[in-house]
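Following: one structure in structure tokens, then a few remarks.
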Amino acid sequence: MSAAKLATELKSILVKRIQSDQLVVPTIPAVVQKAQEVLRDGDQTINRRGIEILEMEAFVAARALRLAAGSKGSGGQQKKATLSETVTRLGPRGMKALLVEATAQKVFVSRDGEIAGALKRIWEHSVAVATLARDVLALSGHADSEAAYVAGLLHDVGKPVVASVMLEAERQTTELYNRSWIECAEWIEVINQTHRAVGMALAEKWQLPDLIVKCLGENLDYDNSDRTSPVNAVIFANALSKKSGVYVGNVDLEDIDALVMIGRSLIGVNDEILKTLLKGLKDRVTGLFD
């Protein structure tokens, strides 16, 4: 089956699962381990340490936003995309339930070393974009830096969703039917062709904040009318992360350079701020999910 055909079929399957509330996404091993540690510590630190977990994993963070939107007094939707407000709304009991659920899902790990590495880099890219989006606004003296973090973390939320189904398909193909699985390059192509539509379907079904929905869109452009918006911060951070090599897939370096240049001008990023943003970026995210 070609990558294009596989992408089309996966997109259809996942959108249907999302719309019927039948979506289950396994939690990555590193997050499961941290969640188990937090649960063992008891309720005293669960909110504070729970934020650390949400900051690592896009799908768990999205689930938390959905639960917070459905909590008492929320009005059915959480307008502000901040993790601190989300955790406050959930409270220790809600956070505990979220972490228990996260540790309960069976985790699949790719038997293909290249695919396993690509999976880690997908999560590393999300954290890198989140960190850069938050820091560029904070260092430039602008508001909404925490909202920018969440938007950056979730800008590719469709990727772990697609990846979870791909991992299950790999397990069935290799373990149950003893057949070979697709190459890593094709795997990445399928993810990149599918994740936007899946992420949008998830955001709409779960009524995620408008800011996150905007950052999930195809061909996202800078907003000249709101120069220091979290959306602009995410676009800039995404380009900067790709330019720094914290990304999975092919990139057009000319387009990336143009996005970085425009973002610097719009947000007001001088050489000193840029140097601070990039200092140790790879070291901060590489190995985070080992």
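The values are calculated or read from the model by the stated rules, or taken from the named source; none is laboratory data. Since this is a predicted model, take the numbers as computed values, not measurements. Heads up, the Cβs are rebuilt from the backbone with ideal geometry, glycines too, and the neighbour counts pull from every protein chain shown. With ligands, DNA and RNA removed, areas are computed over all heavy atoms of the protein, side chains included. Shrake-Rupley method; radii C 1.70, N 1.55, O 1.52, S 1.80 Å.
Between LYS5 and ASP210, full extension at 0.36 nm per residue minus the direct alpha carbon distance yields a gain of 70.7 nm.
For the set GLU101, GLU57, solvent exposure ranked by accessible area (probe 1.4 Å, protein chains only) runs largest to smallest as GLU101, GLU57. Using the 1.4 Å probe convention, the accessible area of the chain works out to 48 Å² per residue with neighbouring protein chains retained. Rounded to the nearest 500, the 222 nm mean residue ellipticity of the chain from helices alone is -21500 deg cm²/dmol, with -39,500 (n - 2.57) taken per DSSP H run of at least 4 residues. Hydrodynamic analysis of the range 25-137 uses the Kirkwood radius over alpha carbon pairs. Inserted into Stokes-Einstein at 25 °C and 0.890 mPa s, it gives a translational diffusion coefficient of 165 µm²/s.
For the range 20-70, the convex hull drawn through the C-alpha positions has a volume of 90 cubic angstrom per residue.
Sorted from greatest to least, the principal axis extents spanned by the alpha carbons of the range 165-290 come out as 55, 34, 27 Å.
For LYS205, the aspartates and glutamates whose Cα falls under 12 Å of its own Cα, not counting residues fewer than eight places away in the same chain, are ASP21. Would you give the gap between the C-alpha center of the range 123-169 and the C-alpha center of the range 199-237, rounded to a whole Å? Distance between centres, Cα-based: 11 Å. Residue pairs exceeding 19 angstrom between C-alpha atoms, taken from LYS34/LYS159; LYS120/LYS159; LYS243/LYS279: LYS34/LYS159.
Across the chain, the relative contact order, built from alpha-carbon pairs under 8 Å that are at least six residues apart, equals 24 percent.
The residue list VAL231, ALA203, ASN270 was ranked by how far each Cα lies along the charge dipole of the range 186-290 toward its positive end, using unit charges on Cβ atoms, and ASN270 comes out on top.
Under 8 Å for C-alpha pairs, at least 6 residues apart: give me the relative contact order for the range 136-265, rounded to a whole percent.
29
When THR194, THR88 are compared by accessible surface with a 1.4 Å probe, the order from highest to lowest is THR88, THR194.
With R₀ fixed at 25 Å, the C-beta to C-beta distance from ARG111 to ASP283 puts the FRET efficiency at about 0.30.
Using a 1.4 Å probe on the protein chains only, how many percent of the accessible area of the range 186-283 belongs to carbon and sulfur? Let's see the in-between values first.
Details: 2230 of 4930 Å².
Whole-percent figure for carbon plus sulfur exposure: 45.
Here the Karplus relation 6.51 cos²θ - 1.76 cosθ + 1.60, evaluated at θ = phi - 60°, turns the backbone of the range 239-251 into coupling constants of 5, 5, 5, 5, 4, 7, x, 8, 6, 10, x, 7, 10 Hz, with x for every Gly and Pro. Sorting PHE108, PHE289 by solvent-accessible area of protein heavy atoms yields PHE108, PHE289, largest first, with a 1.4 Å probe. Calculation over all alpha carbon pairs of the chain in 5 angstrom steps from 0 returns a P(r) of 1, 6, 12, 16, 19, 18, 14, 9, 5, 1, 0, 0 percent.
One way to sum up the overall shape of the range 103-196 is the equivalent ellipsoid from its Cα gyration tensor, whose semi-axes run 33, 12, 10 Å, largest first. Compared with the direct C-alpha span, the chain from ASP223 to GLU272 gains 15.2 nm at full extension, assuming 0.36 nm per residue.
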